[in-house]
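Report on the structure given below.
The values are calculated or read from the model by the stated rules, or taken from the named source; none is laboratory data. Just so you know, these numbers come straight off a predicted model, no measurement behind them. No Cβ is skipped: glycine too gets one built from the backbone with ideal geometry, and neighbour counts run over all protein chains shown.
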């Protein structure tokens with residue numbers, strides 16, 4: 001009996017090894033950005049690899065601190081011919097299907113979607129993804145690990161040299177106009193005295 005258990009145990013390990021070795025090989029990464037208040041942020045979401053291709057997905061992207069930005073829209077990649085998004089406050093549900101088999105087995109650095117954030121306000125927030133469903137070309141589930149992104153929104157642009165230039169130009173123009181009007185007034189005064 002002991003001999004059977006000892007013989008069967010390595011056999012079970014050999015059978016399960018591929019499943020264990022391939023578990024969570026895929027990873028979804030969310031881009032991190034630092035922007036100024038009021039600017040739009042385009043957050044790219046990527047799947048690092050698809051060893052067995054990608055048939056489609058349903059994911060939820062959310063802003064952990066909704067005080068920092070609003071979700072404006074979603075831009076899907078070219079391969080996602082059939083796609084849909086639904087924005088609900090600080091989160092958006094994304095669905096996409098690869099109808100034309102453009103994401104083949106072995107594909108890497110796959111653009112899943114780009115989420116556009118606006119009405120940005122000073123602060124910071126993690127951007128996270130929950131995978132509701134993701135399947136490979138064989139119909140098997142993909143369970144990727146998730147690497148959240150971070151959005152940092154700095155205060156409004158301080159008064160710097162580029163914003164001072166129009167002010168200086170305005171002062172120069174105003175001074176020029178004032179000098180011109182003064183000279184014109186003096187000339188007119190002289191003409192009146194001569195007459």
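Can you say whether residue 114 is within 29 Å of residue 34 (Cα to Cα) and surrounded by 13 or more Cβ atoms within 10 Å (Cβ to Cβ), as far as the supplied structure shows? So residue 114 fits the description; yes. Taken together, the residues in the stretch 117-150 that are under 26 Å from residue 36 (Cα atoms) and out of contact with any strand residue (DSSP E or B) (no Cβ under 8 Å at 6 or more places or on another chain) amount to 0.
Quick check: is even one residue across the stretch 45-60 part of a strand (DSSP E or B) and more than 16 Å from residue 143 (Cα to Cα)? No, the stretch 45-60 has no match at all.
Among the residues that make up the stretch 79-101, is at least one of them more than 28 Å from residue 51 (Cα to Cα), free of Cβ contacts under 8 Å to residues at least 24 places away in the same chain and in contact with a strand residue (DSSP E or B) (Cβ under 7 Å, 6 or more places away or on another chain)? Looking through the stretch 79-101, at least one residue is more than 28 Å from residue 51 (Cα to Cα), free of Cβ contacts under 8 Å to residues at least 24 places away in the same chain and in contact with a strand residue (DSSP E or B) (Cβ under 7 Å, 6 or more places away or on another chain).
Residue by residue, here is whether (1) surrounded by 10 or more Cβ atoms within 10 Å (Cβ to Cβ); (2) modelled with pLDDT of 55 or more; (3) more than 15 Å from the chain's Cα centre (by Cα) holds:
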position	(1), (2), (3)
22	yes, no, yes
30	yes, yes, no
33	yes, yes, no
37	yes, yes, yes
47	yes, yes, no
50	yes, yes, yes
53	yes, yes, yes
56	yes, yes, yes
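Take the residues in the stretch 148-163 that are more than 13 Å from the chain's Cα centre (by Cα) and either in a strand (DSSP E or B) or modelled with pLDDT of 95 or more (or both); name whichever of them is nearest to residue 79 (Cα to Cα). Step through it out loud before you land on a result.
First, the residues of the stretch 148-163 that are more than 13 Å from the chain's Cα centre (by Cα): 153-163.
Filter once more, keeping what is either in a strand (DSSP E or B) or modelled with pLDDT of 95 or more (or both): 153-154.
Numbers: 153: 31, 154: 34 Å.
Ranking the qualifying residues of the stretch 148-163, first place goes to 153.
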